[in-house]
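Please read the structure below before turning to the comments.
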Amino acid sequence: MALADTRYSQRRRTLAARLAGQRIDMMLVTNLIHVQYLSGFSGSNAALLLSKDLNPQICTDGRYTTQVAEEVPDIRALIARPCAEALLGQIEGPRRVGVEADHVSVAQWEALTRAAGADVDLVPVRGVIEEQRLVKDPRELDALREVADLASQAFEDLLAAGELAAGRSERDVAADLEYRMRRAGAERTSFDTIVASGPNSTKPHHGAGDRVLREGDVVTLDFGAHLGGFNSDMTRTVVLGQVDELAAEIYEVVRRAQAAGVEAATVGTALADVDRATREVIEEAGYGEHYVHSTGHGVGLEVHEGPYASAAGEGELAEGMTLTIEPGIYVPGRCGVRIEDTLIITPGAPEVITRVSKDLMVL
């Protein structure tokens, strides 16, 4: 019989204590990321019912009978469809059951209400698990270092092979980078790879299209790998051939802004202040109107998760959190530059786990 990973039982214990403080008897977990976080189950259909007396039950369908037994040996498994409704049908006696309000549609809420017994009171709960996930444990941080290193190596190999060059399409470059991440061990990409060249570099979320790269292009690549449930996220901007004056200028401004954000990302720093650190550099250089997004976000089981560094960001950084620092300048009709690293917040200076050079690369 497989041995249970005690990290998951400890997470459930922590969550149960917080729910008890809100007079919640049980929590119905339907977000698959949260099911995985609390149980270790990685299938594509599941729900978890967690009670304050720490007697959880997981439900999935028949496709995952063997997988759930292997991945979650310490939790009773119910094989049924639909999972959330089936778990609610197992509840006996009066209960206040928390439901993940941010992850349930109106139609789903109505279905859950119909499935719950007359004595079951469904209670919307928001942000409790997300808040618990903010600080990563040592094994999570090691997994994030591993997947970040994998993506970094794939990018360096792409450059070394000359595959980022004039005459190739954005789509070709993206495919080669994704192939190299796969060959290095990635299960998939963590999001759709961005290769934004020339005029497309002014679009922060361009994608990767059929445009053919040309000499003189500014090319922004935003990419990440997914491995073992965890994600990486990094952006680098390069120039093909000769660098024009504007590209060189805004690259240097973004590089300084990114360095300021990294320096500011320390324990106890308000997230809004991290955003301000990057924004002030860009505004002082006269490009404030061309910085059109926030500074960063956490990375973990999701590639975009809390904490969030923005002008409206709430809270402070704590040891064990992750955060991207990704300022950018996008001048319509000309070019755009973004530089992004993923950090682990430590007692001293943050640890940068995306290790590719940020010096301007002219290929």
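Treating r as the C-beta distance of Q67 and H103 and R0 as 25 Å, the FRET efficiency rounds to 0.70. Bridgeable lysines around K52 (alpha carbons under 28 Å apart, same-chain partners fewer than 8 residues away excluded): K136.
Between G241 and G216, L363, the built amide H atoms are under 5 Å apart, and every one of these is 5 or more places off in sequence or on another chain. For the chain, C335 have no disulfide-compatible partner, since no other Cys C-beta lies under 4.7 Å from theirs.
Mind checking the range 1-93 for trypsin sites (Lys or Arg not before Pro) that DSSP puts in a loop (not H, G, I, E or B) and that have at most 11 other Cβ atoms within 10 Å? Filter output for the range 1-93: R23.
For the range 28-50 versus the range 126-189, the spacing of their alpha-carbon centroids is 24 Å.
So which helices of the chain fit the span-like rule, where a helix is a whole DSSP H run, its Cα atoms reach 18 Å or more along the axis, and its mean Kyte-Doolittle is at least -1.0?
138-160, 245-264, 271-284
Per-residue 3J(HN,Hα) values for the range 207-214, derived from phi via the Karplus relation 6.51 cos²θ - 1.76 cosθ + 1.60 with θ = phi - 60°, read x, 8, x, 8, 4, 8, 5, 10 Hz in sequence order (x marks Gly and Pro).
Taking a ≥ b ≥ c as the square roots of the eigenvalues of the alpha-carbon gyration tensor, the range 31-86 is classed rounded because a/c is under 1.5. You can think of it this way: the chain between R96 and N55 has 13.2 nm of extra reach, that is 0.36 nm per residue less the Cα-Cα gap.
Tell me whether the range 155-292 comes out rounded, prolate or oblate; compute the Cα gyration tensor, take square roots of the eigenvalues as a ≥ b ≥ c, and use a/c under 1.5 as the rounded threshold. It comes out oblate by the Cα gyration axes. FRET efficiency for the E316 to R171 pair, using the beta carbon distance and R₀ = 51 Å, is estimated at 0.80.
Charge tally around G336: other residues with Cβ under 12 Å, Lys/Arg +1 each, Asp/Glu -1 each, net +1.
Note on A248 and M361: the model spin-label points, each 7 Å out from Cα along the C-beta direction, lie 2.0 nm apart. As a calculated quantity, the FRET efficiency between R126 and Q10 at R0 = 25 Å, using C-beta atoms, amounts to about 0.65. Along its first, second and third principal axes, ordered by size, the range 212-363 spans 43, 37, 24 Å in Cα coordinates. Within the full protein context, the accessible area of Y308 is estimated at about 120 Å² for a probe radius of 1.4 Å. Note on E280 and E163: the model spin-label points, each 7 Å out from Cα along the C-beta direction, lie 4.2 nm apart. Using the empirical formula 2.2 N^0.38 Å as the baseline, the Cα radius of gyration of the chain reaches a ratio of 1.11.
Beta bridges assigned by DSSP with both partners in the chain are antiparallel in approximately 70 percent of cases.
Once a ≥ b ≥ c are taken as the square roots of the eigenvalues of the Cα gyration tensor of the range 125-175, is the result rounded (a/c under 1.5), prolate (a/b larger than b/c) or oblate (a/b not larger than b/c)?
Because a/c hits 1.5 or more and a/b fails to exceed b/c, the range 125-175 counts as oblate.
Annotation for Y179 and E156: the two label points, set 7 Å from Cα along the Cα-Cβ direction, are 2.2 nm apart.
The values are calculated or read from the model by the stated rules, or taken from the named source; none is laboratory data. This is a predicted model, so every value here is computed, not measured. Note: ideal-geometry Cβ built from the backbone for every residue, glycine included; neighbour counts use all protein chains shown. Areas reflect the complete protein model, heavy atoms only, side chains present, ligands, DNA and RNA absent. Shrake-Rupley method; radii C 1.70, N 1.55, O 1.52, S 1.80 Å.
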